[in-house]
Amino acid sequence: MDSYRLHRGSAPLLLSLPHDGSEIPVALAERMAGPARTAPDTDWHVSRLYDFARALGASVLVPRYSRYVVDLNRPEDDTSLYPGQNTTGLCPTTRFDGGPVYLEGQQPGKAEIATRIERYWRPYHDALRGELERLRGGHGRVVLWEGHSIRGSDLPFLFEGRLPDLNLGTAAGASCTPALQQRLEQVLAGQDDYDWVANGRFKGGHITRHYGDPARGIQAVQMETSQRCYMDEGSGEFDPARAARLQPLLRRLLEVCLDAGQSPAAG
Ligand SMILES: [Zn+2]
């Protein structure tokens, strides 16, 4: 079985959901601290949250395994995304709650990390790059939407206080055109159900920064959604009623991206 699933759509829009996977191979889980074995730092249910995107014609790329196996949204050389701030790495050894991922002495060494890169990280990136090029080839341009979610409060290891509901990241404006960012911000500013920020604590991870190349017709945008907007952060349960309130807004944002992917004049 592949380490990812790729749904190939027809529109110039690719959703990548690199932290949707929660599986941990048994032999690896046995080396982990108890609380890590259930992959608590998963972007829970994010593929379900975006299940409407296929009907828009979008391609959707979803991994099978947890970020604890290898974090697909980190560079393979494991350079920190946020120098000077706490963050988690390519093969995380610390959980978001600050606790250890591994039992003492069970952390992976260099050779094991290299193996995980080849087995899990590279296939996802090969699929991502291939699908971006296929869509760009057919349409002349494409938008990559990096869909993420995180517990929006009580994570002092990563941020103080409460994270806004919706956190748009464009690598501080480098991963998409100013026009696309402006149109996304207009949609967000046009509603008052959810608070939001652009390029706040989360500015876009490795995938957004690496693949976003507006001059080549590839625009990348990350959306980090606070999980309280569509699920119960305590129980971990998906909340269909909350999700149904949020999805129309996400749909409008994706439609702006589709528009940017289809009409050169729209930028
Ligand atoms: Zn994520």
*Which residue out of Asp51, Asp71 is acidic (Asp, Glu), surrounded by 15 or more Cβ atoms within 10 Å (Cβ to Cβ) and modelled with pLDDT of 95 or more?*
Asp71
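The rows are residues; the columns are (1) basic (Lys, Arg); (2) in contact (Cβ under 8 Å) with a residue 12 or more places away in the chain; (3) away from the ligand (no atom under 16 Å from the Cβ); (4) surrounded by fewer than 17 Cβ atoms within 10 Å (Cβ to Cβ).
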position	(1), (2), (3), (4)
Ile150	no, yes, no, no
Asn167	no, yes, no, no
Leu180	no, yes, yes, no
Gln186	no, no, yes, yes
Gly205	no, yes, no, no
*asked:* With the requirement that a residue be within 15 Å of the ligand (Cβ to nearest atom) and crowded, with 20+ Cβ neighbours inside 10 Å, what does the range 19-41 give you?
replied: His19, Asp20, Gly21, Ala39, Asp41
*Hey, among the residues in the range 131-148 that are in contact (Cβ under 8 Å) with a residue 40 or more places away in the chain and out of contact with any strand residue (DSSP E or B) (no Cβ under 9 Å at 6 or more places or on another chain), which one's surrounded by the most Cβ atoms within 10 Å (Cβ to Cβ)?*
His139
*State whether the residues of the range 101-108 include one that is within 16 Å of the ligand (Cβ to nearest atom), hydroxyl-bearing (Ser, Thr, Tyr), buried (at least 18 other Cβ atoms within 10 Å of the Cβ) and closer than 22 Å to Thr42 by Cα.*
no
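The values are calculated or read from the model by the stated rules, or taken from the named source; none is laboratory data. A quick note: this is a predicted structure, and the numbers were derived from the prediction, not measured. Positions of Cβ are backbone-derived with ideal geometry, glycine not excepted, and every protein chain shown enters the neighbour counts.
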